[in-house]
């Protein structure tokens, strides 16, 4: 690179530096004022789409001004740094990158705009689908940007894709688990055995679903540990979704003492059943209260019913309230709750001797 530092060269270098510094100064001034103006206009017109779009492209616009200033600066430099074709390729590469950057930022808006669109179209979409669509859009944007930049620099993308067809078997074998997880994620999104925020239980894990990606599902356990389960594993396991319960079961045996009379036992059964029927939080479709069996040390009453609530804390509150009401019924009827007992029979020495003599007589 040969050049002489004469007055004309110094003047051109000064102009190039001035252009670059001007664009650096305008970068902040123009973008701040322009973005504020557009944001004020979109907010006045209540155009959420336009506001989100401007915010997504705010940083790419700032960098575009710097890159364009740098491009003009190179044009005014009195010596050649690179060929014209390379300059244009670099500029187009930068434009592709900036446009893709803004689109990548804007793709997160689907979390807000997509539900509104579906609401207007009266189309119900599970909320687990929305983050999955967002991740899919981001993957597509990044892939397209890489392909366009590769094409710009002379790489044969079509030939590369065709080559994947020839090496598809080896690729499929190497990426078997990744592909399985991807299809597992598609199965979870389409069949919707659970959604974000649901309480699920599988042979692998139990907890609250926090997120689903192409590869895995993140579940927060009740010990606050975050477990990442591959989608292929979840798709092939039985999944119990406790959040989808319409009602919650309560079943147990209540044992009363053998000293309880038949009349009192019938009264206890009747009073407990009526209490459950009248309870606001007990599901009335299935209420079973029956004298079930003669146990070793108790007369057992079997109870089987459901609560209207499924939240665990509320469920425990209702269960506690029912237990207190059962205790009140037993106290009112003067019926005691049984506890395991054994009767020990003590014989006198004379009785033992007589029994031994009888045993010896029978043996001889």
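The values are calculated or read from the model by the stated rules, or taken from the named source; none is laboratory data. The model shown is predicted, which means the values in this text are computed figures rather than measured ones. Backbone-built Cβ (ideal geometry, glycine too); neighbour counts: all protein chains shown.
When residue 79 is tested against (1) in a helix (DSSP H, G or I); (2) at pLDDT below 75, only condition (1) is not met. Against the conditions (1) surrounded by 16 or more Cβ atoms within 10 Å (Cβ to Cβ); (2) modelled with pLDDT of 70 or more, residue 42 satisfies every one except (2). Go through region 282-300 and count every residue that is farther than 12 Å from residue 251 by Cβ, surrounded by 15 or more Cβ atoms within 10 Å (Cβ to Cβ) and touching a helix residue (DSSP H, G or I) at 6+ places or on another chain (Cβ under 9 Å). Total satisfying the criteria: 3. Regarding region 244-265, can at least one residue be identified that is under 30 Å from residue 299 (Cα atoms), assigned to a helix (DSSP H, G or I) and out of contact with any strand residue (DSSP E or B) (no Cβ under 9 Å at 6 or more places or on another chain)? So far as region 244-265 goes, yes, one or more of its residues are under 30 Å from residue 299 (Cα atoms), assigned to a helix (DSSP H, G or I) and out of contact with any strand residue (DSSP E or B) (no Cβ under 9 Å at 6 or more places or on another chain).
Criterion first (in a helix (DSSP H, G or I), at pLDDT 95 or above and surrounded by fewer than 12 Cβ atoms within 10 Å (Cβ to Cβ)) does residue 324 satisfy it? So residue 324 passes the test.
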